[in-house]
């Protein structure tokens with residue numbers, strides 16, 4: 001029974017809001033324009049990246065020439081890799097390590 005008792009109150013409130021909105025069209029249109037401007041401003045100020053990337057791009061090349069000393073690995077493997085990779089676009093830094101039987105070349109990009 002309470003449901004039917006409140007129904008006329010809700011209906012009266014909706015009628016009042018509709019009459020107010022239809023009677024004050026300038027106020028309603030102004031509020032809608034202000035809301036749209038505020039939403040556009042908030043959207044432009046929002047700092048969100050589509051694909052956030054906390055680390056810079058990196059490529060690591062590991063080679064294992066068997067039975068070579070660190071000096072031979074440097075001459076035969078590491079230096080030719082450094083020379084060949086030095087001209088890559090957007091290359092920021094190159095780090096190399098030559099050990100007994102191992103060459104590690106790391107490329108960091110912007």
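The values are calculated or read from the model by the stated rules, or taken from the named source; none is laboratory data. Given the structure is predicted, the values throughout are model-derived calculations rather than measurements. Counting neighbours? That spans all protein chains shown, and the Cβs are built from the backbone with ideal geometry, glycine included.
For (1) without any contact (Cβ under 8 Å) to a residue 40 or more places away in the chain; (2) in contact with a helix residue (DSSP H, G or I) (Cβ under 9 Å, 6 or more places away or on another chain), each residue gets a yes or a no:
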position	(1), (2)
15	yes, no
20	yes, yes
29	yes, no
34	yes, no
62	no, no
76	yes, no
88	yes, no
Filtering region 90-110 down to residues that are in contact (Cβ under 8 Å) with a residue 40 or more places away in the chain and surrounded by 14 or more Cβ atoms within 10 Å (Cβ to Cβ) yields 102, 103, 104, 105, 106, 107, 108
With the condition kept exactly as written, say whether any residue in region 30-37 is in a helix (DSSP H, G or I), assigned by TED's automatic domain parsing to the domain that holds residue 102, modelled with pLDDT of 85 or more and under 39 Å from the mean Cα position of the chain (by Cα). no
